[in-house]
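Any read-out appearing in this document is the output of simple, stated calculations on the displayed coordinates, not a laboratory observation. These figures come from a predicted structure and were not determined experimentally. Cβ: placed from backbone, ideal geometry, glycine included. Neighbour counts: every protein chain shown.
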Amino acid sequence: MKYSELVEVYEKLEKTSSKLAKTDILAELFRKTPDEDLDKVVLLVQGIVFPKYMGYDLGVALQMMIKGIARASGFSQEKVEEMFKKTGDLGLVAEECVKSKKQASLFRKELTVEGVFKNLQKLAFLTGEGSQDKKLNLIAELLTFSKPSEAKYIVRTILGDLRVGVAEGIIRDAIAKAFLPEGEESIEVLDYALNIYPNYGEVALIAKEKGLKGLKQVKLKLGEPIQVMLGEKAESIKEVVDEFGKVAAEYKYDGMRAQIHKDGDKIWVYTRRLENVTKQFPDVVDICKKHLKPKQFKCFHKEYKESMTSKKWLKKYQL
């Protein structure tokens, strides 16, 4: 799939304020996207190239991006910085610089979704001595072959600021509209799949290839977190008592809710926002290795599943 096709959709989304209209635009995009690119496209419309729980950082700061734009366009860094101060958006700066660049590329190659996606992923793995120069070269190469509008969204994606107004709820609804029968059941089953496996790209592919049946069969994967059930807010204690009849209360201590997976000696620790914080808590990792006896440990059990969905629903779908 050509990257320019995705860019056309970005531009439509940026000009559209209605959530329903955005959903329609994305559903149409997902339907026409080839299977081999669908997972990538779904991530890219979120402005990311890895599911959030993977925790990979592309490691590109504003100053490096300014250098990359300057190198690709032939403008001085000072000029690029001056333009950035006026617009506050390096994406727009990149678009203008590429449009007005001083020397045209002799051998322009058309960018593809796969090519852009893979090159952006590479940025996260360029580390160590000389990595900054390698990242700069990769950014400059992408921008050199970009059309002006493509450069805008490549820069915004790298900086994590896509600015097209697409939240996860819109993407979910677009996946349902593109690949599933209309109705409440489709949303319920899709929500279940995304709770168990919060990778929108992979879940979209399952929805397209296997429909509702495939989504119902989604299972937890060790090392990849599930969505955490969050508490709901009440206006008063009376409201809670009226709702549940009998309640228990306890002191709330400061701390962090952790989701832990174990596979042999491999431990993963995630926050409630699905951030991988394993490296930040070596003491927790050590405790888990010493005291969690099962070879494989999944922090997913009957009580959690029943609290996430109704018993009637679970029985209906044989979960």
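Listed values, structure above:
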| read-out | value |
| --- | --- |
| Longest segment of the chain lacking chymotrypsin sites (Phe, Trp or Tyr not before Pro) that sit in a DSSP loop with at most 12 other Cβ atoms within 10 Å | 108-250 |
| Hits among lysines - C-alpha to C-alpha of K252 under 17 Å, sequence gap 8 or more where chains match | K233 |
| Pairwise centroid distance, computed over Cα atoms, of segment 230-274 with segment 1-43, Å | 36 |
| Under 17 Å from the Cα of K262 - lysines, other chains or at least 8 residues apart | K219, K221, K279, K289, K290, K293, K295, K298 |
| Proxy reagent accessibility, fewest Cβ within 10 Å first, across K2, K233 | K233, K2 |
| Percentage relative contact order, the chain, counting C-alpha pairs under 8 Å, at least six apart | 20 |
| Candidates E185, E243, E275: whichever shows maximal mean-square fluctuation once the chain is modelled as a Gaussian network with Cα springs under 10 Å | E243 |
| Spatial separation of Cα centroids for segment 130-156 and segment 166-212, in angstrom | 32 |
| At R0 = 22 Å, FRET efficiency that the Cβ-Cβ distance of D263 and Y56 yields, to 0.05 | 0.65 |
| Label point distance in nm, F244-E209, each placed 7 Å from Cα along Cα→Cβ | 4.2 |
| Only Lys, Arg (+1) and Asp, Glu (-1) charged, at Cβ; segment 45-167 dipole about Cα centre in debye | 220 |
| Computed [θ] at 222 nm, deg cm²/dmol, the chain (DSSP H ≥ 4; -39,500 (n - 2.57); rounded to nearest 500) | -17500 deg cm²/dmol |
| Shape category assigned to segment 62-158 from the gyration tensor of Cα positions, a/c cut at 1.5 | oblate |
| Correct choice for Cα Rg over 2.2 N^0.38 Å that was computed from the model, options (1) 1.12; (2) 1.05; (3) 1.16 | (3) |
| Semi-axis lengths, Å, segment 153-265, gyration tensor of Cα atoms, sqrt of 5 times eigenvalues | 31, 21, 19 |
